[in-house]
1. Would you grab the residues whose amide H sits under 5 Å from the one on residue 146? Only those 5+ places off in sequence or on another chain, please, with H modelled 1.01 Å from N.
2. Classify the stretch 60-211: rounded, prolate or oblate, from the alpha-carbon gyration tensor (a ≥ b ≥ c, eigenvalue square roots; a/c under 1.5 rounded; otherwise prolate if a/b is larger than b/c)?
3. When all protein chains stay in place, what accessible area (Å², nearest 10, 1.4 Å probe) is found for residue 243?
4. Which order do the peptides 56-66, 170-180, 24-34 come out in when sorted by mean C-beta neighbours inside 10 angstrom, highest first?
Amino acid sequence: MHAPLASSVTSTQGFGWLAIIRIGLVQAAIGALVMLASTVLNRVMVVELGLLAAIPAGLVAWHYGVQLARPLWGHASDKGRSRAVWIVGGLVVLALGALLATQATLMMADSFGPAIALAIFAYALIGAGVGAGGTSALALLASGVAPERRAAAAAVTWTMMVAGIVVSAITVGQLLKPFSPERLMTVASGLALVTVTLTVLATWRLERQAGRFGHAAEGEVAPDFRAALAEIWHETAARRFTIFIFVSMIAFSMQDLILEPFAGLIFGLTPGESTQMGGRHQGGILIGMILTGVGGSAFTGRRPDGLRAWVIGGCLLSALGLAALGLAAVNGPPWPLGLNVFVLGFGNGIFAVAAIGAMMGLAGAGETTREGVRMGVWGASQAIAFGLGGLLGAVGVDFARHALGADGPAFQLVFAIEALAFVAAAILAVKATGGAAMRAGMIKQDREVFA
């Protein structure tokens, strides 16, 4: 009589920390392959091949555009019997796209037309692979993690993704010395093989550890795609959260392409010094992520709306950091730029992890829709915002410099707009990350256990 009870208690725990780390390894693999396409190949096109920077920028934007199909891939993983199949399949497509993108880059010096055509196809595969694999990994994390662990799970997986980007960038950089086209292809092939193998090992028999928070497709039949989208859009909390993700991620990404030029133009930093400044920003993000992961789980993890204060606080601290950069733009040295950028990154990290944790909580709040399609909708909103935000920041600075005739006021204007966007995101977060929808998701999970 007691054995079934013990088994039932064990099954309520959801993913343990080892399982969460395994999903983090998938995120690290995705980050490593995207790094190859967006950083290494970008550098080769612009520096070694002497092409316009707009060419790799356009290809990267195209891969974000392809990710508009994230809801479709998420819905497909909802209807399947295994999310792991979609994760591995997505990584295989992503790795193939990275290899084809490398080949296309090496062809550009001799056969530019065919190379561009191949590159467009390759970056479409990269976007599809990121969308299919990444959305399914997040859906698996959302459905398999107990509510009190969601903040820490988000921190672990996103920290590992950043670590995957950093480690792969350092490793690939070392392996490419001395540079040659043949060496680049060899290194890209090795990276593809390692990341796909890592993903297969990380997801092997992983879903069975989810317990009562397991894969939703084992329950009733999922609704068709149009019905699922209609339910999400007519659900107030989900609609508000979609808008919140869009606004906040535009604010989050607007400084990506202008922060280092700002440091060079206003503060006279050399390329090496501006890169170090960017490292301070990334360091702030990592510390903010870790703090939120620990604090969000330890102090507010059991409350349905426990992450709301972290989301709002991260948005407002990010806005404060951007407002201070606006003052730095018209004051210049001796403004403490390094400290300012660190504070901005710290706020970014708090906001990012708390928002992802809240996203996982809301993913299980639907009556009939599943985690996959919900994560797909929010992933698509994030992808649009990332592509649009970087473009708006760069174009905005160019336009403002031309209109105002000075660099400082131009950067100040753009930073001020970013700060206001973060304030707007904080206001949206008051309702978008409230406790009602998350509580509904937790009640739904409890009903599934006792049904």
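The values are calculated or read from the model by the stated rules, or taken from the named source; none is laboratory data. These figures come from a predicted structure and were not determined experimentally. Don't worry about glycine lacking a Cβ; one is built from the backbone with ideal geometry, like all the others, and counts go over all protein chains shown. Keep in mind that these areas ignore ligands, DNA and RNA; they rest on the heavy atoms of the full protein, side chains included. Shrake-Rupley method; radii C 1.70, N 1.55, O 1.52, S 1.80 Å.
1. 15
2. Prolate.
3. 80
4. Working: 56-66: 19.9, 170-180: 11.8, 24-34: 25.5.
Packing order, densest peptide first, comes out as 24-34, 56-66, 170-180.
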